[in-house]
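J.: Here you go, one structure.
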Amino acid sequence: MSVSEMPVQRADFDQVMVPNYAPAAFIPVRGDGSRVWDQSGRELIDFAGGIAVTVLGHNHPALVHALTEQAKKIWHVSNVLTNEPALRLAKKLTSATFADKVFFANSGAEANEAAFKLARRYAHDKFGPEKCEIIAATNSFHGRTLFTVTVGGQPKYSDGFGPKLEGISHVPFNDLDALKAQISDKTCAVVLEPVQGESGILPADQAYLEGVRALCDQHNALLVFDEVQTGMGRSGHLYAYQHYGVTPDILSSAKSLGGGFPIGAILTTNEVAAHFGVGTHGSTYGGNPLGCAVAEAVFDVVSTPECLAGVAERHARFKAGLEAINAKYAVFDTVRGLGLLIGCPLVAAYQGRAKDFMNAAEAEGLMILQASPDVVRLAPSLVITNEEIDEGLARLERAVAKVVAG
Ligand SMILES: Cc1ncc(COP(=O)(O)O)c(C=O)c1O
């Protein structure tokens with residue numbers, strides 16, 4: 001028997017995997033569009049998108065084509081050389097955004113790590129070592145490296161790992177006065193998610209982001225937008241900063257960027273990029289030809305007007321369906337979010353029980369997410385069909401009914 005034919009099951013996880021995850025009882029083995037099938041052949045509808053990653057669903061022909069064609073050409077060259085897919089992707093990303101320059105990484109955390117290092121280096125070179133302070137938002141999430149958990153505004157992710165990086169503070173999200181009180185000429189960067197993702201799908205207020213931009217300009221601080229979750233079409237724009245019309249100095253992207261193939265990136269201006277000179281930063285796999293070829297195919301599909309316009313249509317269909325469920329069962333406080341990043345905060349009686357809704361949905365053949373224990377989150381494919389949306393919502397309604405019935 002070859003290794004790939006060795007039978008494995010969920011119980012093996014507990015035997016051979018580090019216990020930092022608690023995966024569901026089923027193992028998906030195949031996907032197509034917004035449907036996946038598990039080992040037993042059971043079909044589930046996917047409103048989770050691999051946590052806002054599979055932006056074009058599963059098995060999208062353009063992505064399969066890009067990956068298999070590139071796999072026949074060249075897989076890896078290292079950054080001692082450059083490669084065609086990376087250059088093409090960087091040209092497309094810069095022509096479609098504020099950015100002049102791109103740095104490729106492999107994940108959201110790695111992109112943010114690069115963003116934070118670059119912000120500090122820029123300030124260090126231009127204004128001196130005192131200008132090193134980073135201000136981020138309470139409840140924000142920026143990844144799991146030590147720098148990114150420390151910038152992230154949830155101490156539960158950074159506590160217990162030894163000394164934390166210094167010079168990082170947190171202020172409440174959507175509170176301009178709090179930022180005004182904290183920012184100073186020692187601030188090198190303000191870091192925000194335009195929609196706080198992991199902590200509950202909380203969009204920034206328009207006036208807040210405009211005010212943050214002005215404060216950053218006043219104090220020569222860079223504005224860093226973490227668009228790892230909001231990026232690549234999910235907001236109905238290529239990036240959510242375009243929805244707000246507030247332009248950052250550095251933007252991090254990952255998740256949907258590769259549609260399921262691991263890749264991350266930072267986008268920035270010529271002026272800022274100049275401070276990452278040769279040897280200052282790097283990554284063996286960053287800009288890998290396979291990842292960049294897939295991401296280029298994702299970009300080509302997502303950046304079309306039809307795909308971006310379809311996000312608003314689908315948002316409206318989800319919102320109407322979720323509100324109809326809520327009209328019967330009164331479990332959600334509201335339905336919020338941008339585009340196809342949707343959060344349903346639970347009313348007081350169900351707070352802390354988002355996982356119960358997830359489990360009930362799974363039992364009905366639907367994958368959804370939570371964003372904190374208090375918010376049900378949906379992050380489906382941008383090309384999910386009306387039929388898949390309607391069938392998924394019907395399953396969600398049955399799941400909600402079961403939770404409500406106890
Ligand atoms: C806003 C945001 N930033 C960063 C990350 C980390 O990305 P990754 O898990 O790819 O390192 C996430 C992941 O959920 C995220 O939502």
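J.: Would you look at the GNM of the chain, springs on alpha carbons closer than 10 Å, and say which of 143, 128, 343 moves the most?
T.: The residue that fluctuates most here is 128.
J.: Starting at the first residue of region 285-296, write each ³J(HN,Hα) from the Karplus equation 6.51 cos²θ - 1.76 cosθ + 1.60 with θ = phi - 60°, in whole Hz, x for Gly and Pro.
T.: Calculated HN-Hα couplings, in order: 8, x, x, 4, x, 5, x, 5, 5, 5, 5, 5 Hz.
J.: Ok, one more. Please list, ordered by chain and number, the residues whose modelled amide H lies under 5 Å from the amide H of residue 332; skip anything fewer than 5 residues away on the same chain.
T.: 347
J.: At 7 Å along Cα-to-Cβ for each site, give me the label-to-label distance between residue 39 and residue 347 in nm.
T.: Reported label-point gap for residue 39 and residue 347 is 4.0 nm.
J.: Angle between the Cα long axis of helix 206-218 and the longest principal axis of the chain, 0 to 90 degrees, nearest 10?
T.: On a 0 to 90 degree scale, this one is about 20.
J.: Just to confirm a number: summing +1 for Lys and Arg and -1 for Asp and Glu over residues other than residue 268 whose beta-carbon lies under 13 angstrom from that of residue 268, what do you get?
T.: -1
J.: Further question: Looking at the chain only, what percent of DSSP beta bridges run antiparallel? Nearest 5 please.
T.: Taking every DSSP beta bridge with both residues in the chain, the antiparallel ones total about 65 percent.
J.: Name the long-range amide H neighbours of residue 171: under 5 Å, sequence gap of 5 or more, or other chain; modelled H, no Pro or chain starts.
T.: Here the answer is 136, 137, 138, since their amide H atoms fall under 5 Å of that of residue 171.
J.: Oh, and also: To the nearest 0.05, what FRET efficiency results for residue 117 and residue 8 with a Förster distance of 35 Å applied to their C-beta separation?
T.: 0.35
J.: Give, in nm to one decimal, the length gained when the segment between residue 32 and residue 87 is fully stretched (0.36 nm per residue of separation minus the Cα-Cα distance).
T.: 16.8 nm
J.: Then there is this: Using θ = phi - 60° and the Karplus relation 6.51 cos²θ - 1.76 cosθ + 1.60, list the HN-Hα couplings for region 180-191 in order, rounded to whole Hz, with x at every Gly or Pro.
T.: With the stated coefficients, region 180-191 comes to 4, 6, 9, 6, 8, 6, 8, 6, 9, 7, 10, 10 Hz.
J.: Still on this model: In degrees from 0 to 90, rounded to the nearest 10, what is the angle of the helix 354-363 Cα long axis to the longest principal axis of the chain?
T.: In the chain, helix 354-363 runs at an angle near 40 degrees to the longest axis.
J.: Sort 383, 272 from largest to smallest accessible area, using a 1.4 Å probe on the heavy atoms of the protein chains.
T.: If we order 383, 272 from most to least accessible, we get 383, 272.
J.: Oh, and also: Tell me the per residue accessible area of the chain using a 1.4 Å probe; a whole number in Å² is fine.
T.: Value returned for the chain: 44 Å² of accessible area per residue.
J.: A further question follows. Can you list residues whose amide H is under 5 Å from residue 337's amide H, if they're 5+ apart or on another chain and H is modeled 1.01 Å from N?
T.: 343
J.: Multiply the residue gap between residue 334 and residue 278 by 0.36 nm, knock off their C-alpha separation, and tell me the result in nm, one decimal place.
T.: Stretched fully, the residue 334-residue 278 segment lengthens by 15.3 nm.
J.: Could you work out [θ]222 nm for the chain from helices alone, using -39500 (n - 2.57) per DSSP H run of at least four and dividing by all its residues? Round to the nearest 500 deg cm²/dmol.
T.: Values: 14 runs with 161 residues, N = 406.
Theoretical 222 nm ellipticity from helices: -12000 deg cm²/dmol.
J.: As I understand it, the value is the acute angle between the Cα axis of helix 305-329 and the longest principal axis of the Cα atoms of the chain; what does it come to in degrees, rounded to 10?
T.: Here the helix axis deviates by roughly 50 degrees.
J.: Percent of accessible area on the chain owned by carbon and sulfur, 1.4 Å probe?
T.: Carbon-and-sulfur percentage of accessible area, whole number: 56.
J.: So which lysines can residue 319 reach, going by Cα to Cα under 18 Å and dropping same-chain residues fewer than 8 places off?
T.: Answer for residue 319, where 18 Å is the Cα cut-off: 328, listed by chain and number.
J.: How about residue 117: which lysines have a C-alpha closer than 25 Å to its C-alpha, ignoring those fewer than 8 places off in the same chain?
T.: Hits, sequence-local ones excluded: 91, 92, 101, 126, 131, 156, 164, 180, 186, 255.
J.: Continuing with the same structure: With a 10 Å radius around each residue's Cβ, average the other Cβ atoms per peptide and rank 215-228, 248-261, 28-41, highest first.
T.: Details: 215-228: 22.5, 248-261: 27.9, 28-41: 16.0.
Put in order of decreasing packing, that is 248-261, 215-228, 28-41.
J.: Quick check: residue separation of residue 323 and residue 65 times 0.36 nm, minus the Cα distance between them. What number comes out in nm?
T.: Working: separation 258, 0.36 × 258 = 92.88 nm, distance 3.83 nm.
Going from the current span to full extension adds 89.0 nm.
J.: What ³J(HN,Hα) values, in whole Hz, does the Karplus curve 6.51 cos²θ - 1.76 cosθ + 1.60 give for region 115-128 when θ = phi - 60°, with x put for Gly and Pro?
T.: Per-residue couplings from phi come out as 4, 6, 4, 5, 4, 5, 5, 4, 5, 4, 5, 8, 10, x Hz.
The values are calculated or read from the model by the stated rules, or taken from the named source; none is laboratory data. The model shown is predicted, which means the values in this text are computed figures rather than measured ones. Ideal geometry is used to build each Cβ from the backbone, glycine not excepted, and the neighbour counts take in all protein chains shown. Keep in mind that these areas ignore ligands, DNA and RNA; they rest on the heavy atoms of the full protein, side chains included. Shrake-Rupley method; radii C 1.70, N 1.55, O 1.52, S 1.80 Å.
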